[in-house]
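Structure, as structure tokens:
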Amino acid sequence: MTLTTATAVIDRQALVDNFNRVKTFAPKAKVLAVLKANGYGHGLERIARALPQADAFGVARLDEALALRAAGVVKPIVLLEGFFTEQDLPILAVNNLQTIVHNRQQLDALTRARLEKPLKVWLKIDTGMHRLGINPEEFDEFYQALSASDNVDPDIVLMSHLGCADDKENPVTNSQLALFEQLTSTYNNEKSLANSAGSYAWPQTRYDWIRPGLILYGVSPMASPEQSAQSLGIKPVMTLQSSLIAVRSLKAGEAVGYGAAWVSSEDTTIGVIAIGYGDGYPRHAGNGTPVLVNGRRVPLVGRVSMDMITVDLGKDSQDQVGDLAILWGQGLPVEEIALHATTIPYELLCNITRRVQIEVV
């Protein structure tokens, strides 16, 4: 009997294959691989080392960028939220980090700073998502101010972010594209608009740089179930697994777990798996959420506990303590688990906790 605790198996070859697949969508574009939130839960430095073919890496915040530099990563790194304070600017310059500028406070701080070397800037325009970005009517002013500053590298990248690209029927993407084109068409600067969904589904948005995130990790960025990861030709990079730590009989009418939230309608066999919300498995995964045990689907039953879940193995189960259970990944898409837990794949991947063992293959 070999018991395995909660383990996230990271498949580096799947990551590389996904990167190569994304490149087929936009073969002429450079790739800014998005590594924020600890590489979507896969390991920030680990993912960076596995993708030397990326043209640049994107992170959300300065501490992520500095962690990559400390790990010996020399590729261009872009702060996707930009810098937070004027005191960050010398740190960006020393570490050769690039920054997005998306508000007036950043513009003022950057143009009045005294820096030893100019910074590479990505100017973000709000074309309709209304989250980060300068207003369209501010574009010319910001661009001229940045171009005139000795603190700014003259090769400014113009960018925006798509809010509805996961839905090919939503008209918002075409509206955003039209506005971006209207504002930037007379400029020869490099441009970037496509995220994961744009890279796959909206050819007109690919421009000079694409910014894939979720799709690199083998998860479909599209809202439609018909546009699954498999249909896109990408593979799961993370397989979350554990093992059965108990197998026991349950009679009809008996309950399992806290609150007696599930009662068996017939005699059956219950399996207890060593994983729970303390590992990042979603607490709100409901009865019927699929789990792979010995390669077959069995339903989650009862409430998710901190350290354990229970599954209905069936009356004729031959499963034993120590047998492998897959919670998502190879053979069981994380998108499906997210639907059962009324959340999104991003949250599941990013919520893997520190006590989960990591195995890299």
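The values are calculated or read from the model by the stated rules, or taken from the named source; none is laboratory data. On a predicted model such as this, the values are computed, not experimentally measured, just so you know. Note: ideal-geometry Cβ built from the backbone for every residue, glycine included; neighbour counts use all protein chains shown. Heavy atoms of the whole protein, side chains included, go into the accessibility calculation; ligands, DNA and RNA do not. Shrake-Rupley method; radii C 1.70, N 1.55, O 1.52, S 1.80 Å.
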Inset, instruction - Sort the following peptides by mean Cβ neighbour count (other Cβ atoms within 10 Å, averaged over residues), highest first: 219-231, 5-17. - result: 5-17, 219-231
Inset, instruction - Report the relative contact order of the range 270-354, percent, no decimals, based on alpha-carbon pairs under 8 angstrom and at least 6 residues apart. - result: 34
Legend entry - Net length gained if the chain between VAL94 and TYR258 were fully extended (0.36 nm per residue, minus Cα distance): 53.7 nm
Inset, instruction - Provide the FRET efficiency to the nearest 0.05 for the ASN103-GLU347 pair, computing r from the beta carbons and using R0 = 35 Å. - result: 0.85
Legend entry - Test item: Cα-centred dipole of the range 230-361, Lys/Arg +1 and Asp/Glu -1 on Cβ, debye: 180
Inset, instruction - List the relative contact order of the range 169-220 as a percent without decimals, with contacts defined as Cα pairs under 8 Å and 6+ residues apart. - result: 29
Inset, instruction - Per residue of the range 261-266, in order, report the coupling 6.51 cos²θ - 1.76 cosθ + 1.60 (Karplus, θ = phi - 60°) as ³J(HN,Hα) in whole Hz, putting x for Gly and Pro. - result: 6, 9, 10, 6, 8, 7
Inset, instruction - Rank these residues by their accessible area, most exposed first, probe 1.4 Å: ARG283, ARG131. - result: ARG131, ARG283
Inset, instruction - Only Lys, Arg, Asp and Glu count, each charged at its Cβ (+1, +1, -1, -1), so figure out the dipole size of the chain about its Cα centre, rounded to 20 debye. - result: 660
Legend entry - Kirkwood Rh and Cα Rg combined as Rg/Rh, the range 32-107: 0.96
Inset, instruction - Sort 271-281, 326-336 for me by packing, meaning the mean count of neighbouring Cβ atoms within 10 Å per residue, highest on top. - result: 271-281, 326-336
Legend entry - Gained length - ARG114 relative to GLN87, 0.36 nm times residue gap less alpha-carbon distance: 8.6 nm
Inset, instruction - Putting +1 on Lys and Arg Cβ atoms and -1 on Asp and Glu Cβ atoms, find which of VAL101, GLN53, GLY39 reaches farthest to the positive end of the dipole of the range 1-116. - result: GLN53
Legend entry - For the range 254-305 versus the range 46-113, the gap between their alpha-carbon centres in whole angstrom: 43
Inset, instruction - Only Lys, Arg, Asp and Glu count, each charged at its Cβ (+1, +1, -1, -1), so figure out the dipole size of the range 259-307 about its Cα centre, rounded to 20 debye. - result: 160
Inset, instruction - Using Cα pairs closer than 8 Å and at least 6 residues apart in sequence, work out the relative contact order for the chain, in percent. - result: 19
Inset, instruction - Have a look at VAL237, GLY295, TYR277 and report the one farthest towards the positive end of the charge dipole of the range 227-299, computed about the Cα centre with Cβ charges (Lys/Arg +1, Asp/Glu -1). - result: VAL237
Legend entry - Hits among aspartates and glutamates - C-alpha to C-alpha of LYS251 under 16 Å, sequence gap 8 or more where chains match: GLU266, ASP267, ASP312, ASP316
Inset, instruction - Between LYS168 and ARG61, with labels modelled 7 Å along Cα→Cβ, what's the label distance in nm to one decimal, could you check? - result: 3.7
Inset, instruction - Could you provide, to the nearest whole Å², the per residue accessible area of the chain with probe 1.4 Å? - result: 45
Legend entry - For the range 58-168, with +1 on Lys and Arg beta carbons and -1 on Asp and Glu, the positive-most of VAL121, ASN151, PRO76 along the dipole: PRO76
Inset, instruction - May I ask you to give the percent of accessible area on the chain that is carbon plus sulfur, with a probe radius of 1.4 Å? - result: 49
Legend entry - Heavy-atom SASA rank of LYS28, LYS117, LYS251 (probe 1.4 Å, accessible area, largest first): LYS28, LYS251, LYS117
Legend entry - Solvent exposure ordering (accessible area, 1.4 Å, most first) of ILE91, ILE156: ILE91, ILE156
Inset, instruction - Compare the peptides 18-24, 254-260 by average per-residue count of other Cβ atoms within 10 angstrom and give them in order, highest first. - result: 18-24, 254-260
Legend entry - Virtual spin-label span in nm between GLN357 and ASP140, 7 Å along Cα→Cβ: 6.3
Legend entry - Approximate shape of the chain as ellipsoid semi-axes (Cα gyration tensor, √5λ), whole Å, largest first: 45, 21, 17
Inset, instruction - Take each uninterrupted DSSP H stretch in the chain, measure its Cα extent along the helix axis, and return the ones at 15 Å or beyond whose mean Kyte-Doolittle hydropathy is at least 0.0. - result: 172-184
Inset, instruction - Please list, or write none, the lysines whose alpha carbon is within less than 22 Å of the alpha carbon of LYS23, excluding same-chain residues fewer than 8 places away. - result: LYS36, LYS75, LYS168, LYS191, LYS235
